[in-house]
Amino acid sequence: MSRMPGSDDLKSRVKLTYEDFLLFPDDGKRHELIDGEHYVTASPNLRHQQVSGRLHLAIGHWLETHPIGQVYYAPLDIVFTDFDVVEPDLLYMSNERAASIGTPEHLKGAPELLVEIGSPSTRKRDETIKRRLYERSGVSEYWVVDPELDIVRVFRRRDGAFGRPVELSAEAGDVLTTPLLPGLEIPLARLFA
């Protein structure tokens, strides 16, 4: 991950906006704005893609028999504000939420569930800067998936903020569930197989 522009003095810089974001190159890398700061992440590796694909399929199959919403995967822009534009690895939103925040080009507002699949270069940002952005933007639930350690940290909104994360692991035989998708069960041993 690199940050651009390269100034260490964040307060003296002009914040980038969604208009600037639209001018970033289509270079196969993930470009995001958080508080007007440009973040660039390299394309994901094979392990990341395997885990992402399994999660997408599990949620997608569940939604086929329970058509209460949609699941999407990167790249898809989520515009929280003019200074906050991200591309999470996966997201779920109910049909009701989709009707209020969906546009033909991107989402403008907070989906119910966001999923980031971490890597050594994104782990710190996923658990700090992005978690805080998702929390203040009204995301109901946030999963941070760590394919190196075979764990998932689940942050759920309680009383207007994310509660302490619940950490699930493949080694412990844990199963990932969410009240957003009642009855969906994803065994972590299968997710990280």
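The values are calculated or read from the model by the stated rules, or taken from the named source; none is laboratory data. Quick caveat: nothing in here was measured; it's all calculated off a predicted structure. Positions of Cβ are generated from backbone atoms using ideal geometry, with glycine treated the same way; all protein chains shown enter the neighbour counts. SASA here: full protein model, heavy atoms, side chains in, ligands and nucleic acids out. Shrake-Rupley method; radii C 1.70, N 1.55, O 1.52, S 1.80 Å.
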- With bins of 10 Å, the percent of all Cα-Cα pairs of the chain per bin from 0 is 8, 37, 38, 15, 2, 0
- Counting other Cβ atoms within 10 Å, keep those with at most 12, restrict to DSSP loop, and tell me which GluC sites (Glu not before Pro) in region 58-125 are left. Glu105
- Item | Partner aspartates and glutamates for Lys124 [C-alpha distance under 12 Å; skip if fewer than 8 residues away on the same chain] | Glu116, Asp146
- Query: Distance in nm between label sites at Glu135 and Leu63, each 7 Å beyond Cα in the beta-carbon direction?
  - Reply: 2.7 nm
- Note on the structure: Expressed per residue, the solvent accessible area of region 59-193 in Å² (1.4 Å probe) is about 47 Å²
- Among Val79, Val14, Val152, residue whose mean-square fluctuation peaks in a GNM of the chain (springs only between Cα atoms under 10 Å): Val14
- Item | Spacing of the two label points (7 Å from each Cα toward its C-beta) at Leu22 and Ala42, in nm | 3.2 nm
- With all protein chains present, calculate the accessible area of His61 using a 1.4 Å probe and round the result to the nearest 10 Å². 110 Å²
- Message: Could you compute how much accessible surface Lys29 exposes when probed at 1.4 Å, giving the result in Å² to the nearest 10?
- Response: 110 Å²
- Item | Pairwise label distance in nanometres, Arg158 with Ile101, each label 7 Å out on the Cα-Cβ vector | 2.2 nm
- Query: In terms of Cα to Cα distance under 14 Å, which aspartates and glutamates are near enough to Lys15, apart from those fewer than 8 places away along the same chain?
  - Reply: Glu32, Asp35, Glu37, Asp82, Asp84
- In the chain, carbon and sulfur make up what percent of the accessible area (probe 1.4 Å)? 53 percent
- Query: For region 154-193, what is the convex hull volume of the alpha-carbon atoms per residue, in Å³?
  - Reply: 66 Å³
